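*Asks:* Take this structure, written in structure tokens, and hold onto it; I'll ask about it next.
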Amino acid sequence: MAEDDPEALARYLLSFRWPFRNEAIHRQLVEGGLPLWRQILKFVPNPRERGKALELGSPPFHITLLLEGFRNYDLSLTGATTDGRPEITQELESPEFGERRTYACRCFDIERDAFPYPDNTFDLVTWCEVIEHLTLNPVHALAEIHRVLKPGGSLVLSTPNASRADSIANFLRGRNIYDPYHLGAPLMGSRHSREYTLPELTGLLAGG
């Protein structure tokens, strides 16, 4: 399977059984998200020697699977809980490909807590489609990312552009540009607390 074969990648990701998602939601997520995930993967360096990577916001593990399959890193995974557990474990199985994964995620509050890793630990941090869900200023999280990255390490961050075309079109038509309220479980759904324009995000990363 090649990373530039979207049909094969979709088949692979869809083959895994997610016990907490129904099939229709899973298919919608993969088909809608795969173009973005492939773009993210292009920005992830592939070191010759095995590197160490931190994935912030690992569930539902689609990017995790792609990183495992196509990049040379040992992954540290993170998640979130509403009951204070320090770790969650998720098992995924693909009968079609004969694969089984057990993912253990450390859980902590990235908006307030010190990340539970020493300084200069990781060659790579991925923070994809997460920053828009934060309710506090992201400066603390960015400072912690900087602390745990090795000198010369890479941060791969993705988030929706607040000034994207569909938001501007909705604004001009008098429609709300924000997500509707989500009436499901606390950690499910796609409600965004704060989206950023490219200049805003560039300024944050530059420390401005």
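The values are calculated or read from the model by the stated rules, or taken from the named source; none is laboratory data. Since the model is a prediction, treat every value here as computed from it, not as a measurement. Counting neighbours? That spans all protein chains shown, and the Cβs are built from the backbone with ideal geometry, glycine included.
*Asks:* Looking at P45, P60, can you tell me which residue is touching a residue at least 12 places away in the same chain (Cβ under 8 Å), part of a loop (DSSP other than H, G, I, E, B) and touching a Gly at 6+ places or on another chain (Cβ under 9 Å)?
*Replies:* From the options P45, P60, the qualifying one is P45.
*Asks:* Given the conditions (1) surrounded by 14 or more Cβ atoms within 10 Å (Cβ to Cβ); (2) out of contact with any Ser or Thr (no Cβ under 7 Å at 6 or more places or on another chain); (3) of a type in the set (D, E), and given that D83 satisfies all but one, which numbered condition is not satisfied?
*Replies:* For D83, the exception is condition (1).
*Asks:* Given the options G84, G33, name the one that is in contact with a helix residue (DSSP H, G or I) (Cβ under 7 Å, 6 or more places away or on another chain) and among the small types (G, A, S).
*Replies:* Result: G33 is the single residue among G84, G33 that is in contact with a helix residue (DSSP H, G or I) (Cβ under 7 Å, 6 or more places away or on another chain) and among the small types (G, A, S).
*Asks:* Follow-up. Select, from R101, R106, the only residue that is more than 16 Å from the chain's Cα centre (by Cα) and either surrounded by fewer than 17 Cβ atoms within 10 Å (Cβ to Cβ) or farther than 29 Å from P6 by Cβ (or both).
*Replies:* R101
*Asks:* For T78, all conditions in the list (1) surrounded by fewer than 18 Cβ atoms within 10 Å (Cβ to Cβ); (2) free of Cβ contacts under 8 Å to residues at least 60 places away in the same chain hold save one; what is the number of the exception?
*Replies:* Looking at each condition in turn, T78 falls short on (1).
*Asks:* Looking at (1) crowded, with 17+ Cβ neighbours inside 10 Å; (2) within 23 Å of T102 (Cβ to Cβ), can you tell me which one M1 breaks?
*Replies:* All conditions are met except number (1).
*Asks:* Listed residues P151, P138; which is out of contact with any strand residue (DSSP E or B) (no Cβ under 6 Å at 6 or more places or on another chain) and under 19 Å from L198 (Cβ atoms)?
*Replies:* That would be P138, the only listed residue that is out of contact with any strand residue (DSSP E or B) (no Cβ under 6 Å at 6 or more places or on another chain) and under 19 Å from L198 (Cβ atoms).
Let's see how each residue does on (1) at pLDDT 90 or above; (2) under 24 Å from P60 (Cα atoms):
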{"site": "E93", "(1), (2)": "yes, yes"}
{"site": "F97", "(1), (2)": "yes, yes"}
{"site": "A169", "(1), (2)": "no, no"}
{"site": "P180", "(1), (2)": "no, yes"}
{"site": "A185", "(1), (2)": "no, yes"}
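*Asks:* Something else: Would you point out which residue out of T64, T82 is touching an Asp or Glu at 6+ places or on another chain (Cβ under 7 Å), among the β-branched types (V, I, T) and within 30 Å of A143 (Cβ to Cβ)?
*Replies:* Only one candidate qualifies: T64.
*Asks:* With respect to E111, determine if the residue is of a type in the set (D, E), in contact (Cβ under 8 Å) with a residue 40 or more places away in the chain and either farther than 24 Å from E87 by Cβ or in a loop (DSSP other than H, G, I, E, B) (or both).
*Replies:* Considered against the rule, which asks whether it is of a type in the set (D, E), in contact (Cβ under 8 Å) with a residue 40 or more places away in the chain and either farther than 24 Å from E87 by Cβ or in a loop (DSSP other than H, G, I, E, B) (or both), E111 comes out as no.
*Asks:* Name, by its number, the condition in (1) within 17 Å of P60 (Cβ to Cβ); (2) in a strand (DSSP E or B); (3) in contact (Cβ under 8 Å) with a residue 40 or more places away in the chain that does not hold for A104.
*Replies:* The failed condition is (3).
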